[in-house]
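The values are calculated or read from the model by the stated rules, or taken from the named source; none is laboratory data. Since the structure is predicted, the reported quantities are computational estimates derived from the model, not experimental observations. Here the Cβ positions follow ideal geometry from the backbone for every residue, glycine too, while neighbour counts run over all protein chains shown. Side chains are part of the model used for accessible areas, which takes the heavy atoms of the whole protein and leaves out ligands, DNA and RNA. Shrake-Rupley method; radii C 1.70, N 1.55, O 1.52, S 1.80 Å.
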Amino acid sequence: MDLEIPHGADREYLIVFGVAAIYIATIPRGEPCIVGVSRDLGQTFDGIRDNWPWSEIGCAFWVKDRDTAEAIVAEATEVLPRDPEGRLAVRAEFARRQVEAVAARWKITLTNHDAAMSRVHAAVRHVQETINHANATGGLAWFNAAYRAWRIEAKKFGRVMSYAEALARLRKAVTKRLITLDVINLNADLLPGIFPELPKQGAENYVDDLKKPALSSRTRPRPKPRADGSGRRGISH
């Protein structure tokens with residue numbers, strides 16, 4: 001299959017970006033075909049292969065969001081014939097032309113998959129190079145200190161996270177900031193989105209216990225006050 005399936009940081013970038021793919025899959029002879037919408041082409045491809053083992057995703061276009069992609073697919077395939085398994089009983093090339101025609105009529109830009117992946121590679125590479133440089137020059141000291149502190153505390157609850165996973169979470173947070181704000185900042189305000197909050201060890205009960213006076217085994221209980229309010233012990237005669 002010539003079409004590149006996004007994995008790892010590339011897949012992560014596309015999901016965070018919120019775009020959706022209109023894909024066309026088919027068996028080697030080109031008919032029947034499947035036209036669908038996906039935000040995760042890797043997962044979609046696995047699902048197609050589970051049902052039709054010889055199928056390949058031959059082409060894909062990216063649009064701004066899932067709703068737009070689904071509207072185009074619905075319009076492009078509405079009157080096309082289907083086989084008993086629900087696939088389109090037309091050649092993949094014909095289905096592709098239908099999708100392109102609808103998008104052109106609606107004045108919606110279809111970004112070719114190869115062009116989209118080229119942009120994704122560049123953005124992911126920029127983020128990774130920024131993180132690597134910061135790590136090499138001490139700019140990630142705040143992150144490394146936070147990771148060590150979180151790992152020590154997490155052990156008390158049986159939680160673990162490798163340094164590689166923590167870096168991947170950092171990369172995702174930086175990528176999201178790049179997409180939403182068009183800037184790359186490696187600041188400590190990213191921490192809430194990187195390290196999961198850990199449960200508190202009964203903090204309220206602990207505070208309550210501190211407020212209670214501790215009774216020593218040698219401490220004699222205080223006498224109950226007498227009826228006259230003096231509080232003195234009675235004297236036996």
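Quick notes
- Among the residues making up the stretch 109-133, those that are surrounded by fewer than 18 Cβ atoms within 10 Å (Cβ to Cβ) and more than 21 Å from residue 40 (Cα to Cα) are 126, 128, 129, 130, 132, 133.
- From 150, 142, residue being assigned to a helix (DSSP H, G or I), over 22 Å from residue 8 (Cα atoms) and open to solvent by less than 50 Å² (accessible area, probe 1.4 Å): 150
- Only one of the listed residues (175, 130) is closer than 30 Å to residue 63 by Cα, within 21 Å of the chain's Cα centre (by Cα) and either at pLDDT below 90 or of a type in the set (Lys, Arg) (or both). That residue is 175.
- Remark: pairs (first residue in the stretch 43-56, under 16 Å from residue 91 (Cα atoms); second residue in a helix (DSSP H, G or I); Cβ separation under 7 Å; 6+ apart in sequence or on different chains) = 55/48; 55/49.
- Selection count, the stretch 34-64, where residues are of a type in the set (Gly, Ala, Ser) and out of contact with any helix residue (DSSP H, G or I) (no Cβ under 9 Å at 6 or more places or on another chain): 1
- With a requirement of 3 or more residues that are loosely packed, with under 14 Cβ neighbours inside 10 Å, the helices (runs of 4 or more DSSP H) lying completely within the stretch 1-93 that satisfy it span 41-51.
- Cβ pairs under 7 Å, 6+ apart, first in the stretch 1-20 and over 20 Å from residue 109 (Cβ atoms) and of a type in the set (D, E, K, R), second modelled with pLDDT of 90 or more and part of a loop (DSSP other than H, G, I, E, B): 11/40
- Inclusion of residue 101 among residues that are small (Gly, Ala, Ser) and under 30 Å from residue 193 (Cα atoms) is not warranted.
- Those residues of the stretch 153-190 which are in a helix (DSSP H, G or I), free of Cβ contacts under 8 Å to residues at least 12 places away in the same chain and over 24 Å from residue 126 (Cα atoms), in sequence order: 155
- Residue list for the stretch 165-189, restricted to those being open to solvent by 60 Å² or more (accessible area, probe 1.4 Å), farther than 16 Å from residue 142 by Cβ and either of a type in the set (S, T, N, Q) or in contact with a Gly (Cβ under 6 Å, 6 or more places away or on another chain) (or both): 180
- Within the stretch 101-125, the residues that satisfy the criterion of being without any contact (Cβ under 8 Å) to a residue 24 or more places away in the chain, over 16 Å from residue 19 (Cα atoms) and more than 23 Å from the chain's Cα centre (by Cα) are 104, 105, 107.
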